[in-house]
Structure formats: C-alpha cells, structure tokens
Amino acid sequence: MHWADVIAEKAVEECEHPIIAAGISPTGILHVGSLREAVTGESVCSVLRERGYDVKLVYFVDSFDPLRRRYEFLPKEFEKYVGMPICNIPCPCGKHDNYADHFIQPLFDVIKQLKMECDVIWTHKLYGDGRFAETINLSIERRKEVMDILEEISGRNKTFIPYSPLCEECGRFSRPIFETYRFPYIEYECTCGHIGKADVRKMEGKLPWRLEWPAKWKIFGVTVEPFGKDHAASGGSYDTSKEIVKKIFGGKAPYPVPYEFVQLKGVGQMHKSTGSPITALDAVRITPPEILNYLFLRVNPHRSIEYDSGTGVLEISDEYDRMETLYFDGNFTETEENSVRAYEIAQHNKVSAVKPLQIAYRHLANIVQVAEDFEDVVKIIERTKNISVGGADVDKLKLKCDCVKHWIEKFAPDVAKFSICESVPALELSEDDRALFASLIAKFTAINWRADEINGGILDSSKEINLNVKNSFRLLYRVFIGKSSGPRIGTFFESMNRNFVIKRLREASALCGKL
C-alpha cells in the first residue's frame, strides 16, 4: 500500500472531516525541497477526496517570524531590518506587499501549477484577528507549567519566554514584564530603551515556535501534518508541542509525518538562507507538474530525495513514462505497485480515461532544438510517430515543450545542447569520409525514414567502407552540429527532414572532393 493511503487511513480513524496542515517561513529563497511538505500534504488530501471525505489542506505562511540576519542575497540596507517581523519589512524588489509576500509568491505560483487545493493562512493575520489571544493568555498564565514541560522533555532551561511583545518604537520583539500582566495587556521593556504595553489580542506580540505550533493545532483542529525531520528528533519541537497542546491548550496533536530533506546533487542539503540555485519555481519550469509530483510521491517521506536538475530530469521523466504505461496496461509486479500508485496520485487521482500521448523528455529535447516552433514540433512528431496530435494532448505537449526549452537553456548538461550548423563546418575530410557520405546518401534515399533503419544504414555503410562506426558517428555529429557527440543519431536524423539530411551529406561530400 502506498504511504499516502496509509496516512489517509490514520487521518480518518478519529475524524470525519480531516484537516491536513503544511507551511513554511518565507524568510528567504524557497528551494525545490520546500515543495516536499506541500506535496506530501496534498497527496493525503487527494486520497481522502478520492474516498469521498470532506477534507481540507491548510497552508500556513509564517509571516510574523523575524528576519534572523541579513542573508547574502539581500541588499546591505536590509541590515536595519534584522529582528523585525518579515511581514513588516519592505519587499526587496518593490513589487510585492512586503518581504514575506516577495519570497512566498513564487511558491504560490508553483502550488497553482501543481493544481493543489489549499487554504492559505497568513500567521500575522491570525495574530491581528485575535485568533491566538486565548492560547497566548494560557501560555502567559501557565508559563511555569510550560517551562516544566520543556525542561522535562527537551532539557531547555527555565529562562524560556512564552510571549514576546512587539516594540512600537523599533519594531522588534522585546522582553515582557509578566509580573504586571492583566489580560489583555502586557508591559514590556525593549533593548532599544522603550517601555510600552502590548495587547495580546492584536498583532502586537508573538508566541515562540514551540507554543505557536501547538496553538495552531488547537485553533484549526489539525489532523495530520508533515514536517521536517529536525522537528521530529527526540525532545524536539513535536515532542514538546504534543504535550503543550494537550496539557496547556486542551487540544490534540496531529498525526505526524516527518520527512527527510531534499538533497541537491553535487551540492548537498539546501537551505533557503543561502539562496539555493534550484528554486521551487525552477523545478516546475523544467518539469511538467505531474512528473514533479511523482518525484516526491515515489518514495516514502522518511527517505531522502536527491534532486538532479541535469540528467536527473531525464531519468525521472523516463520513470514516470514507464509507470504511466504500466498503469494503463495493468501489467505490473508487486514491487512496482507503489510506483504505479504514485503515478495515479500525482494526477490528484484524476487520471485520463485513455493513455496520454507519450514523447520521451530526452527525445523532445532533441526535437525542440531542431524544430522552428511548436507547430513544427507537432509536425515532426506526427511524421515520425505516424499519429495525429490533437485534443488534450496538444496542451500537455505544449507545456512539456516549454519545460524542455527552459531545461535546455538553464540546466541541461552541455552534451544535451546543440544547434544545427547553418552550413558544413570547416573540416579536414578524407576520401573514406566521402565514400561514407555517398553510401549513406544512397541508403537514406531508399529506406523508410525511421530511427532503426537510419541506424542500420550507418552501421552497414561503415562496415562496407571498413570504418569504425564510432568514428562515423563522430563525423556525422561534426557535419551537422559541429560537435563530436550528440543525441542518439537515429532519432536525431529521424526528427529532421530526410531531404535536408541528404542535402547536407552531399555538401559535405563535395568538400571532400576539394581536398
């Protein structure tokens, strides 16, 4: 059974209307790994919707978190905003409402493209609407019990501060004076020297993470929540929050789904504070949404994922296509069952009634570099596959072409990139080379213009002239793309017009004659 099905069953054991939660603190650039939490939560919702349950996914944007430091990707003038809530800091580019909105908006764009259904909850607005007032009051009045729980479970000392008022003078969080607290007002003294009073019913102060997290569980009745493995460590924030929500707030902890982090191949664990070179938006621009979903769904959350924006994109796309074929054929083994199920969930359990058009990512990468435009791509596919492309396949193919083009431009290894030379490059060619071209011209004129027959023709011609076939391939690559290697030559030539290929070989043969 797929892990999302297992979690879905846990979600409805004690709740008929499950609430699945996910979230993030947009303090910096959100890398591709930031998607794992959202995709995990959405997958459980998708399974439950498929089974007819009334389920909701809420996505918390921790917009009231402070900026811990000025990260390298921020202008120097942002040093003055360190310590302020990110919802109160200006947008770095000037196009968004604030700092938090600037960094979360690209993730929202990705979530939309991944077709996730979720309610976005801005944490700073919860404070402003007084939703935290009750839990803040309990945290302050029962702060000794809170500190005892933290001391017993995590070993934290008893200097823990359960609430930090926001200084009205400098805009940073300050130290409260608990002795004079009378709901809803708490006095504070800030390091800037200002002494003031905050209203816990307003956006005038904040709970620390170990109280804010269980407070959200209580307020929204969260049933299931995926979160990074760091929170799941023994004595970590999940262990303490589980006790706090029960003993202090009178609520219940959600079913935990800790997940491993996403590793960027060749770089290691990714952090939003360093400005990852592979953002969530990059990922969805180079990988069709359903394939990106599949990347996260194919493995259990407790297993790490290595994200490779180079050849890894080709490999995961090939695997996705294999699972799609197995799904529609219905002929898969027990070991393949979970991967096929991952394919199904990747479509939000709304798989088309007929098998979609399949064009391998690596093959499409060749075609888009040969074709003049999308219409030409369609013509090449229709000619080489002997099919008619229409209906929903057109839209999916267009999106995949856009992804492939972006991948080639930004992330593809050099070996995958090429362009057709406008004319035969300046080469030193021999009479054997001329003989090869003449033989290929004759064969290419007569054969069916298919990759296997093209390959066969090159092999036969090489043998006739007693040339090493690898040298023949290198020569042909140099003649057409000016490189000694390139895409699989059979499918490469097949994607081009037969007459063009023959004309180029004649031009190359003529050069041989001038030696």
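The values are calculated or read from the model by the stated rules, or taken from the named source; none is laboratory data. Fair warning: this is a prediction, and the values are worked out from it, not measured in the lab. Cβ sites come from the backbone with ideal geometry, for glycine too, and all protein chains shown count toward neighbours. Only protein heavy atoms, including side chains, enter the accessible area calculation; ligands, DNA and RNA are left aside. Shrake-Rupley method; radii C 1.70, N 1.55, O 1.52, S 1.80 Å.
Scan the range 211-224 for residues that are more than 21 Å from TYR127 (Cα to Cα) and open to solvent by 10 Å² or more (accessible area, probe 1.4 Å) and the total you get is 1. For the range 73-89, check the following and say yes or no: at least one residue is more than 30 Å from VAL6 (Cα to Cα), surrounded by fewer than 16 Cβ atoms within 10 Å (Cβ to Cβ) and aliphatic (A, V, I, L, M). Yes, the conditions are met somewhere in the range 73-89. The set of residues from the range 270-282 being assigned to a helix (DSSP H, G or I) and either open to solvent by 10 Å² or more (accessible area, probe 1.4 Å) or modelled with pLDDT of 95 or more (or both) comprises LYS272, SER273, THR274, LEU281, ASP282. Within the range 356-377, can you find the residues that are part of a helix (DSSP H, G or I), free of Cβ contacts under 8 Å to residues at least 60 places away in the same chain and of a type in the set (A, V, I, L, M, F, W, C)? The answer is LEU364, VAL368, PHE374, VAL377.
Whenever a residue of the range 58-80 is touching a residue at least 40 places away in the same chain (Cβ under 8 Å) and of a type in the set (Gly, Ala, Ser), its partners that are open to solvent by 10 Å² or more (accessible area, probe 1.4 Å) and outside any strand (DSSP E or B), lying with C-beta atoms within less than 7 angstrom and at least six residues away or across chains, give the pairs SER63/CYS87; SER63/HIS124. Within the range 147-168, residues that are in contact (Cβ under 8 Å) with a residue 40 or more places away in the chain and under 28 Å from ARG201 (Cα atoms) reach partners that are of a type in the set (Asp, Glu) and in a helix (DSSP H, G or I) with beta carbons closer than 8 Å, at six or more positions or on different chains, in the pairs ILE149/GLU243. In the range 195-215, is there at least one residue being over 14 Å from ILE136 (Cβ atoms) and in a loop (DSSP other than H, G, I, E, B)? The answer is no, given that none of the residues of the range 195-215 is over 14 Å from ILE136 (Cβ atoms) and in a loop (DSSP other than H, G, I, E, B).
For the range 91-110, filtered to residues that are without any contact (Cβ under 8 Å) to a residue 24 or more places away in the chain and among the hydrophobic types (A, V, I, L, M, F, W, C), the residue that is surrounded by the fewest Cβ atoms within 10 Å (Cβ to Cβ) is CYS93. Just to be sure before I move on: is ARG362 of a type outside the set (Val, Ile, Thr), open to solvent by 70 Å² or more (accessible area, probe 1.4 Å) and touching a Pro at 6+ places or on another chain (Cβ under 9 Å) in the structure I sent? Yes, satisfied.
Per this entry, ILE381 is counted among residues that are buried (at least 21 other Cβ atoms within 10 Å of the Cβ), without any contact (Cβ under 8 Å) to a residue 40 or more places away in the chain and within 28 Å of ARG450 (Cα to Cα). Is it the case, given these coordinates, that ARG303 is at pLDDT 95 or above and crowded, with 20+ Cβ neighbours inside 10 Å? The answer is no for ARG303. For the range 25-72, the candidate set comprises residues that are in contact with a His (Cβ under 9 Å, 6 or more places away or on another chain) and among the polar types (S, T, N, Q); within that set, the residue that is surrounded by the most Cβ atoms within 10 Å (Cβ to Cβ) is SER43. In the range 230-247, the residue that is surrounded by the fewest Cβ atoms within 10 Å (Cβ to Cβ) out of those that are over 13 Å from LYS216 (Cα atoms) and in contact with a Lys or Arg (Cβ under 7 Å, 6 or more places away or on another chain) is SER237.
Test GLU290 against the stated conditions and say whether it is open to solvent by 30 Å² or more (accessible area, probe 1.4 Å), at pLDDT 95 or above, charged (D, E, K, R) and closer than 30 Å to PHE73 by Cα. Walk me through how you get there before you give the answer.
Numbers: open to solvent by 30 Å² or more (accessible area, probe 1.4 Å): yes; at pLDDT 95 or above: yes; charged (D, E, K, R): yes; closer than 30 Å to PHE73 by Cα: no.
No; evaluated as a whole, the condition is false for this residue.
Helices (runs of 4 or more DSSP H) fully within the range 35-129 that include at least 1 residues being in contact with a Ser or Thr (Cβ under 8 Å, 6 or more places away or on another chain) and of a type outside the set (S, T, N, Q): 99-113, 123-128.
Residues in the range 124-138 that are within 23 Å of THR27 (Cα to Cα) and surrounded by fewer than 17 Cβ atoms within 10 Å (Cβ to Cβ): LYS125, GLY128, ASP129.
Looking only at the range 336-355, residues that are open to solvent by 40 Å² or more (accessible area, probe 1.4 Å) and in a loop (DSSP other than H, G, I, E, B) come to 5 in all. Restricting attention to the range 248-266, the residues being in a loop (DSSP other than H, G, I, E, B), open to solvent by less than 40 Å² (accessible area, probe 1.4 Å) and over 25 Å from HIS2 (Cβ atoms) number 3.
Number of residues in the range 308-355 that are free of Cβ contacts under 8 Å to residues at least 40 places away in the same chain, within 28 Å of PHE411 (Cα to Cα) and hydroxyl-bearing (Ser, Thr, Tyr) equals 2.
It is to be established whether one or more residues within the range 34-41 are under 20 Å from ILE305 (Cα atoms) and modelled with pLDDT under 95. Yes, some residue in the range 34-41 is under 20 Å from ILE305 (Cα atoms) and modelled with pLDDT under 95. Report whether or not THR333 is farther than 23 Å from ALA283 by Cα, open to solvent by less than 30 Å² (accessible area, probe 1.4 Å) and not hydrophobic (A, V, I, L, M, F, W, C). No, not satisfied. The residue pairs whose first member lies in the range 223-234 and is without any contact (Cβ under 8 Å) to a residue 40 or more places away in the chain, whose second member is surrounded by 18 or more Cβ atoms within 10 Å (Cβ to Cβ) and in a helix (DSSP H, G or I), and whose beta carbons are closer than 8 Å, counting only pairs six or more residues apart or on different chains, are HIS231/SER237; HIS231/TYR238; ALA232/TYR238.
Here TYR181 meets each of (1) in contact with a Pro (Cβ under 8 Å, 6 or more places away or on another chain); (2) in a strand (DSSP E or B); (3) open to solvent by less than 50 Å² (accessible area, probe 1.4 Å) with one exception, condition (1).
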